[in-house]
1. Beyond 26 Å between alpha-carbons counts as too far, so tell me which of Lys227/Lys270; Lys350/Lys437; Lys315/Lys567; Lys102/Lys227; Lys270/Lys390; Lys277/Lys315 fall in that bin.
2. Treating only the Cβ of Lys, Arg, Asp and Glu as charged (+1, +1, -1, -1), what charge dipole size does the stretch 340-483 show about its Cα centre? Round to the nearest 20 debye.
3. Under 14 Å from the Cβ of Arg552, count the other residues' Cβ atoms, weight Lys and Arg +1, Asp and Glu -1, and hand me the total.
4. Residue farthest toward the positive end of the dipole of the stretch 435-581, with Cβ of Lys/Arg at +1 and Asp/Glu at -1: which of Ser543, Gln530, Tyr466?
5. Leaving out ligands, DNA and RNA, what percent of the accessible area of the stretch 473-580 is carbon and sulfur, probe 1.4 Å?
6. With N denoting the number of residues in the stretch 172-266, provide Rg(C-alpha) divided by 2.2 N^0.38 Å, to two decimal places.
7. Would you mind working out the accessible area per residue for the stretch 369-505, using a 1.4 Å probe, and quoting it in Å²?
8. Cα convex hull of the stretch 473-580: how many Å³ per residue?
Amino acid sequence: MDVGELLNYQPDRGAKRPREEDGGAAGGEEDSRRGKQQKGQSVREAARYQEAGPGGVGFEGGIEMRDTDELTGDKKNILEKLMDQDEEEPEAEPVDESSVKKMILTFEKRSYKNQELRIKFPDNPDKFMESELDLNDIIQEMHVIATMPDLYHLLVELNAVNSLLGLLSHENTDVAIAVVDLLQELTDIDTLHESEEGAEVLIDALLEGQVVALLVQNMERLDEQVKEEADGIYNTLAIIENMAEFRPGMCTEAAQQGLIQWLLKRIKAKMPFDANKLYCSEILAILLQNNDGTRELLGEMDGIDVLLQQLSVFKRHNPSTAEEQEMMENLFDALCSCLMLPSNRDRFLKGEGLQLMNLMLREKKMSRTSALKVLDHGMIGPEGADNCHKFVDILGLRTIFPLFMKTPKKMKKTGASEKEHEEHVCSIIASMLRNLKSQQRTRLLNKFTENDCEKVDRLMELYFKYLEAVQQADKRIEGEKHEMVRRGEILDDSMEDEFYLRRLDAGLFVLQLICYIMVEISNSGNSQLQQRVHQILNLRGGSVKIVRHIMREYAESIGDGKTEEFKESERKRIMDLVDNF
């Protein structure tokens, strides 16, 4: 082909664009570009893309530039096509009060129509299938209301909340699951906080309609072997979590509407571990937080036994995944919450919880840290006396004292700190010194004298370690107070409380426990122990005055939530010990 032929060469129009008659390539390129654009991009930007698109395609042939007229024709065609496409896609209606009202009205109509057809032709799905699909579509459309929590009041005023709750027991589980998805989005915690007013109205209406009872009934019939239904259960639990976070007071009500029962049943079901089981453990821990009503309910349903059975798996085996570890921690947290209630301590004792925790401490698996926390909760205060005696009977002293003498190195793996470990161990020993009588008490005190009082030496080592930490924190706090006074700021009660909490964080609580153990063993009538405590104090320049001061502060803050007479008698008991120290 010579130069002349080259210059006169016309590309074959048919072969040039075989994909579509006109504008196919440009259209394809345009579509892929448009896909990348953000939703709701302005028409102006879209037009800019349209201008750029065809130009790029037209240049493909290089020499084709000569054919300007044809090219312009191509451009026009492509632009017209794109404009047509834009016209075909109507802009989404803005979400405002009238459009939401219209949507709710459509929803009510379709719901009513579906109900009517189902009653008329119960055995002929062909007759009501169409209406069911329409109903499902409008429920999907209603997701847009979740972007406008200010308009939630319309859902209540137009009775849509009750209609939605009614659909939770719809014969077709797909419809019920669609409603669950919608409710989950409506109650999303971030959305609820966007408009407190709208959220309050919605949550009130849901609780009034006994939403939890209906959700539980719906979960009862779902089959988790089907992925969509398993997701439905997950979203149901999310609704409960959102509501509990927004209004913690609803936990008691939720528990009484069959939720605790369902959760326990699901947790002990013989199914492989999955996201739903993890979520159940989380919801259970949330329901039991700071709530004696739900703790009592769980105890009455033999929930303590269920928790112990589920945890016994981790006695000799570590959780195999991070998620399973999280579930184990949730179950331990739930157990600790339950033990806050005195009646559950008895159930824990009868269910051989102490034996299980003791075994976990010996096995040195991941569960050890949490088992220590459970023992602490089970033995603390006068209600823990029975557990303290039983713990000595099952040879628990042989387990707890090695942990007192040496903080394990493996603590990092379980995410627990050295301070946490030492706090729980000291708290358990302090509880035993407070609660044990006669022979068991003697066995405990003998532990402190064996091997030339090595336990006393360790106790004093911990005393000086935490004393130094607290003194440093005190120094920092004093500096801050001084600075605040200099700036003319007022030290109110809330600031003082914050400073006190910071001191506790620095180790004041552990220090108080250590001092309590010191004064208890010094008053045990065993002169050897008393001499050893004072000897080490003098040797390291410690002062009895400081110990007394710490104990007075401890006595002042004792027994939060206990009766006045208990507080008084406990204070008097501690002060008597201090005076004799």
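1. Result: Lys315/Lys567; Lys102/Lys227; Lys270/Lys390 exceed 26 Å.
2. That gives a dipole near 640 debye.
3. Residues near Arg552 contribute 0 overall.
4. Of the listed residues, the answer is Gln530.
5. C and S fraction of accessible area: 49 percent.
6. Cα-based Rg divided by the globular estimate yields 1.04.
7. 50 Å²
8. 120 Å³
The values are calculated or read from the model by the stated rules, or taken from the named source; none is laboratory data. Predicted model only: the values in this text are computed from it and were never measured. Note that we place each Cβ from the backbone using ideal geometry, even for glycine, and neighbour counts take in every protein chain shown. Side chains are part of the model used for accessible areas, which takes the heavy atoms of the whole protein and leaves out ligands, DNA and RNA. Shrake-Rupley method; radii C 1.70, N 1.55, O 1.52, S 1.80 Å.
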